[in-house]
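All remarks here apply to the structure that follows.
The values are calculated or read from the model by the stated rules, or taken from the named source; none is laboratory data. On a predicted model such as this, the values are computed, not experimentally measured, just so you know. Here the Cβ is made from the backbone with ideal geometry for all residues, glycine too, and neighbour counts use every protein chain on show.
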Amino acid sequence: MQNINNYLSLLLAQQKTEILELALELKIFKLIEENINTIFIISSKININEHKTKILLDSLVFMELLDINQDKYLNTKFAKESFIYGTSSYCGDVFLHRKQLAGNGKKMMKSMFEEKKELEEIKIPKLWADASKKFLKQEQKNLIAPMAVDIIKNLKEFSSLNNMLDLGCSSGVIGLEITKNHPNVKTTLFDYEEVTNITKEHINEYNLQNRVFVLSGDIEKNDIGKNYDLIWCSNIFYFFKDKKEVIKKIYDALNPNGILVSCHVEIDTKNSLDENSFFTFYL
């Protein structure tokens, strides 16, 4: 039932985000995993008094990120998987980046309606390059790539794929993960030159220099290559002035019977969509 409490409770989310931001910056979950797990020891380690430390830790318990056993705090399964700093599955920087963007959300949403700001203006290569080093790399590897790999591996044409394009690749991790899970496919990662300079580093990390290559440019203005059996793209169409022209360019780049897999937030025929996905895009 809809009532004012539904909307008042939205304000509580702000407190929770501040708590999690502080915990990540202090590397609380890493400390606890290293058995620095009592209020006294944690308080000494982070140089915050015991009373305030207890408030922080108990807040994380309520957020289901910590458990407590007598006087010791323990990471929950999810916290271990996502918030232990330095691990391959760490997503803390994704959260911190999204929080930073959300801080500008009010200003951006207002400007979109009052100043008629176009989303195309967000196509700033340096911003995407900076994000690809850290935040988008974590997000693509831990959140998007597992889903993407599952989708591609379930295509009936999967075993016969030879050439693939990751269009608007950002960090390149999605294309790299798909390539890693296929014995033969060769992959082209396309994005702005500022971005693909970062992508090259990730190719080396995956040791796929013999099968993964970069092509740099602006999707609307430059050649994206040809003879692809598969083109993967996600969250790129919002920024194009002429979407039909981009679709035609993609079609022309595919082999006969080639496949386009496009992952975007869209309204379905019932005029509904996932609420979280919708608002996440506008961060």
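Scanning the stretch 151-180 for residues that are closer than 17 Å to K141 by Cβ and in contact (Cβ under 8 Å) with a residue 60 or more places away in the chain gives I151, I152, D166, G168, I174. Of all residues in the stretch 143-165, those satisfying the criterion of being within 21 Å of I236 (Cα to Cα), modelled with pLDDT of 85 or more and either in contact with a helix residue (DSSP H, G or I) (Cβ under 9 Å, 6 or more places away or on another chain) or in a strand (DSSP E or B) (or both) are I144, A145, P146, A148, V149, I152, N163, M164, L165. Being among the hydrophobic types (A, V, I, L, M, F, W, C) and modelled with pLDDT of 95 or more is true for just one of V195, V185, V173. Which residue is that? None of the other options fit; the residue is V185. Kindly indicate the residue of the stretch 27-53 that is among the hydroxyl-bearing types (S, T, Y) and closer than 13 Å to Y73 by Cβ and also surrounded by the most Cβ atoms within 10 Å (Cβ to Cβ) among those meeting that condition. The extreme case among them is T53. In this entry, K16 is excluded by the filter for residues that are free of Cβ contacts under 8 Å to residues at least 12 places away in the same chain and closer than 22 Å to L96 by Cβ.
Evaluated against (1) crowded, with 20+ Cβ neighbours inside 10 Å; (2) on the phi < 0 side of the Ramachandran plot; (3) not in a helix (DSSP H, G or I), K137 falls short on exactly one condition, (3).
Residues in the stretch 166-178 that are part of a loop (DSSP other than H, G, I, E, B) and farther than 12 Å from I219 by Cβ: S170, S171, G172.
To keep it simple, each residue is scored yes or no on (1) over 30 Å from V173 (Cα atoms); (2) among the small types (G, A, S); (3) not assigned by TED's automatic domain parsing to the domain that holds L143.
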residue	(1), (2), (3)
A13	yes, yes, yes
I28	no, no, yes
K45	yes, no, yes
K52	yes, no, yes
Q70	yes, no, yes
F78	no, no, yes
G86	no, yes, yes
L96	no, no, yes
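Scanning the stretch 181-231 for residues that are free of Cβ contacts under 8 Å to residues at least 12 places away in the same chain and more than 20 Å from the chain's Cα centre (by Cα) turns up P183, N204, N207, Q209, N210, K221, N222, D223. Filtered by the rule that a residue be surrounded by 13 or more Cβ atoms within 10 Å (Cβ to Cβ) and either assigned by TED's automatic domain parsing to the domain that holds E139 or touching a Ser or Thr at 6+ places or on another chain (Cβ under 8 Å) (or both), the stretch 55-68 gives L65, L66, D67.
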